[in-house]
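Below is one structure, written out as structure tokens; the observations come after it.
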């Protein structure tokens, strides 16, 4: 067993022991293929689920969940995906029935997702390179769907209670910032060829 495998194995075992002692019916699963990938998960509560698959090199993910019945998975409800090099994601969920569906495919994409409350859903797909996403949802019954296809797109989304947003960025260098209180919005952005 090489040093990298030993570190991943011992970190995973520590995570499982921590989840087992702090809650009931939680699932934490990490699978890594490649070099220098980094993953950290902390869950405290019951009925929590977090799954991650990292492939290629230098990806980093940090998941934190507190409460009950929260979930972090991929767009297809399999493991959250980081495919490509040097992608970064941070997901923090606190409350009840908050769900994050995430995928990064490309180079140096970054996402930060924060959900505090009840029944919040965030879906983020990053397909390209150098895209950044910051999604913050507070209160109850928010839904955000962000798809970034292209390069160097940036999005900041803040929703506070009963809001719904669909944002699609196609092309390069789109940069919206959306703050909502109990409203529904659909935005499509694309860059000229």
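The values are calculated or read from the model by the stated rules, or taken from the named source; none is laboratory data. All values derive from a computational prediction rather than experimental measurement. Ideal geometry is used to build each Cβ from the backbone, glycine not excepted, and the neighbour counts take in all protein chains shown.
Would you be able to tell me the number of residues in the range 173-182 that are free of Cβ contacts under 8 Å to residues at least 24 places away in the same chain, part of a loop (DSSP other than H, G, I, E, B) and surrounded by 13 or more Cβ atoms within 10 Å (Cβ to Cβ)?
Looking only at the range 173-182, we keep the residues that are free of Cβ contacts under 8 Å to residues at least 24 places away in the same chain, and these are 173, 175-182.
Narrowing the set further to residues that are part of a loop (DSSP other than H, G, I, E, B) leaves 173, 175-176, 181-182.
Cutting the leftovers down to surrounded by 13 or more Cβ atoms within 10 Å (Cβ to Cβ) gives us 173, 176, 182.
Here the count works out to 3.
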Practice task
State whether one or more residues within the range 94-102 are more than 11 Å from the chain's Cα centre (by Cα), within 25 Å of residue 175 (Cα to Cα) and part of a strand (DSSP E or B).
Solution key: no
Exercise for the section: Taking residue 72 as meeting all but one of (1) under 15 Å from residue 129 (Cα atoms); (2) not in a loop (DSSP other than H, G, I, E, B), write down the number of the exception. Expected result: (1)
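When you look at residue 85, is it crowded, with 18+ Cβ neighbours inside 10 Å, assigned to a loop (DSSP other than H, G, I, E, B) and at pLDDT 95 or above, yes or no?
Numbers: crowded, with 18+ Cβ neighbours inside 10 Å: yes; assigned to a loop (DSSP other than H, G, I, E, B): yes; at pLDDT 95 or above: yes.
Taking the combined requirement at face value, the residue satisfies it.
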Exercise for the section: Within the range 41-59, identify whether any single residue is touching a helix residue (DSSP H, G or I) at 6+ places or on another chain (Cβ under 7 Å) and crowded, with 24+ Cβ neighbours inside 10 Å, and answer yes or no. Expected result: yes
Fill in the blank from the handout: When (1) more than 18 Å from residue 93 (Cβ to Cβ); (2) under 16 Å from the mean Cα position of the chain (by Cα) are applied to residue 143, the one that fails is (1)
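Answer yes or no as to whether residue 191 is more than 24 Å from residue 120 (Cα to Cα), in contact with a strand residue (DSSP E or B) (Cβ under 9 Å, 6 or more places away or on another chain) and modelled with pLDDT under 90. Spell out how you get there, then give the answer.
On the way: more than 24 Å from residue 120 (Cα to Cα): yes; in contact with a strand residue (DSSP E or B) (Cβ under 9 Å, 6 or more places away or on another chain): yes; modelled with pLDDT under 90: yes.
Taking the combined requirement at face value, the residue satisfies it.
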Handout entry: Members of the range 146-164 found to be over 17 Å from residue 121 (Cα atoms) and outside any strand (DSSP E or B), listed by number
Key = 152, 153
Practice task
Have a look at 115, 105 and point out the one that is under 18 Å from residue 41 (Cβ atoms) and at pLDDT 95 or above.
Solution key: 115
Problem - Qualifying residue in the range 165-172 (condition: buried (at least 19 other Cβ atoms within 10 Å of the Cβ), in contact with a strand residue (DSSP E or B) (Cβ under 7 Å, 6 or more places away or on another chain) and outside any strand (DSSP E or B)) - result: no
